[in-house]
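Remarks on the structure that follows.
Nothing in this text is a laboratory measurement; each read-out follows from the coordinates by a stated rule. Since the structure is predicted, the reported quantities are computational estimates derived from the model, not experimental observations. Using ideal geometry, Cβ is built from the backbone for each residue, glycine included, and neighbour counts are taken over all protein chains shown.
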Amino acid sequence: MQRIEHIYINGEYVVPHGQEWFDLHNPSTEEVIGQVRLGDAVDAQHAIAAAKAAFPAWSRTTRDERIGALQRMHRAVAAREEELLEAILLEYGSPAVRGRWMATYPADVIAQAIDALQTFEFEEQVGMARVILTPVGVTGLITPWNSNAGFICNKLATALAAGCTAVIKPSEMSALQTQVVLKALHEAQLPPGVFNIVNGRGDVVGEEIAHHPDVAKISFTGSSAVGQHLVRTGADTMKRVTLELGGKSPTVVLDDADFQAVMPLVLQAGFLNSGQACVAGTRILVPRSRLAEFEGVAKEAVAQIRSGDPRNADTDIGPMVSQKQWERVQRYIRIGQDEGARLLAGGEGRPQGLHAGWFVKPTIFTDAHNGMRIARDEIFGPVLTIIPYEDDADALSIANDTDYGLSALVLGKSRERCVNIARQIDSGRVLINTLAHEPRAPFGGFKHSGLGREMGKWGMSAFLEPKTLLTAVLSD
Ligand code: NAD
């Protein structure tokens, strides 16, 4: 049983002013495995003051000094990969293969920020003007539970690379992961106040960050509802905001696709991160003329997907992160049936043989239409919805008929036809016959999936404010 008492302000571990203790659970057993003491608004104010005091010196550091600091961060985070993996398995229940990726990603993403910083153009001549990109100031970095360590490292490394200082409000449900990252960041010996971490509730610490006049920018990853709230709250102090929000991503299976060949991609995209992924491909658009054939192949393939103990090497889907999340997913499985969709696989309740833990059966609905709630709402669990379409135009119209626009997958034999479809999908990212990731490309969403972009030079630019200098030409 771990007790995490300290938060981190101005280069020191401090006992928070906040008094509340929050239980941490192992979602595979439902047991309480630890407690974290939560900070409050006063703690957030102290952290913001420390970041404000550190900003003038940090914003004037050279590119080489920042690269040096980020390299120390990278080494320290990479050295704690095994500890991070253990925290991810215990506290989040990610299946081992995904868990390993989540444990390596935080160091990788710092390396990618170094890469972006190395070649970034902070100044440019535009006609008579010198345009200088200057750091925005103190930033508030708010992360969700579904990849907490990775989001902390990505947001912080990019903010620091741009010359900003930071107050981090990690997910209160991921305190074990935060603690491992914090130990590494402390070892990296960054100047005091350059980053601060306050564990706490969103409606307490998050709210204080969102209202505070000394915070210039919020970078948030989480639900669309909280993202919209942050835009409204931030307007009073004109905060810059970058939002990475939810999704209801389409997987468009074209009528020339080889179903046996593409099915592994369809299911990996849909069940990614136990279905708790913003980019999960949860709406599967299938040509009506081949629907029965697709259902047969999908049914056979999903029977091979194992939901269970994340430490077993053959587990594909781990538990939902919390009881609340488990109940939400169960509710949507009931809603789907009430709406008249047909269960092709899975359903309510735990998978056979599992009597504890927040496990869900890998579930696929078929014969659905795009107006159903299971096709419109982000469920955030391993629940997929097959929607039949008539022709390519119909597939495109269904793909784009959504509030979201984060990611999409197009599967088919003809590259040209796939690219043509991909160009017409309203989404921040469209993958064609692959689930590959390019960290130098921008990542973010259209519509309710977000505002702005992270990663690469686009991610850096989001922490910078352009300033135009014009000089009079003086004659002697
Ligand atoms: P959430 O919105 O409930 O919480 C995210 C963070 O915001 C947490 O740290 C929470 O404490 C904080 N928060 C809550 N209320 C707040 C408030 N009033 N003011 C300030 N902060 C507040 O999301 P979650 O349940 O932790 O994560 C799941 C969601 O995140 C899903 O919708 C998912 O799609 C999304 N997500 C998006 C991406 C992306 O890159 N687009 C990646 C991962 C997750």
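Observations
- Using Cβ point charges alone (K and R +1, D and E -1), the dipole size of the range 250-432 about the Cα centre works out to roughly 560 debye.
- Placing unit charges on each Cβ (+1 for Lys and Arg, -1 for Asp and Glu) gives the range 35-79 a dipole about its Cα centre, and among ILE67, ALA44, PHE55 the Cα reaching farthest toward its positive end belongs to ILE67.
- A Cβ-based charge dipole, computed about the Cα centre of the chain with Lys and Arg at +1 and Asp and Glu at -1, lands at about 360 debye.
- Think of the chain as having a plus end and a minus end, set by charges on the Cβ of Lys, Arg, Asp and Glu; of SER147, TYR105, GLY459, GLY459 sits farthest toward the positive end of this dipole.
- Remark: C-alpha extents of the range 137-212 on the principal axes read 29, 27, 18 Å, sorted largest to smallest.
- Mean Cβ neighbour count within 10 Å, used as a protection proxy, ranking 157-170, 26-39, 415-428 highest first: 157-170, 26-39, 415-428
- Cut-off 11 Å between beta-carbons: net charge of the residues surrounding ASP392, Lys and Arg +1, Asp and Glu -1: -4
- Helical mean residue ellipticity (222 nm; -39500 (n - 2.57) per DSSP H run of 4+; nearest 500) of the chain: -12000 deg cm²/dmol
- Cα-derived Rg over Rh, computed across the chain with Rh taken as Kirkwood radius: 0.99
- Peptides 295-306, 270-281 ranked from most to least packed by the mean count of surrounding Cβ atoms within 10 Å: 270-281, 295-306.
- Stokes-Einstein diffusion for the range 250-432, with the hydrodynamic radius set to the Kirkwood value over Cα pairs and evaluated at 10 °C in a medium of 1.306 mPa s, equals 97 µm²/s.
- Positive-end ranking of ILE197, TYR92, THR237 along the dipole of the chain, with charges on Cβ about the Cα centre, is headed by THR237.
- Over the range 100-239 - Rg/Rh using Cα atoms and the Kirkwood inverse-distance radius: 0.99
- Sequence ranges 68-80, 226-238, 120-132, ranked by mean other-Cβ count within 10 angstrom, highest first: 68-80, 226-238, 120-132
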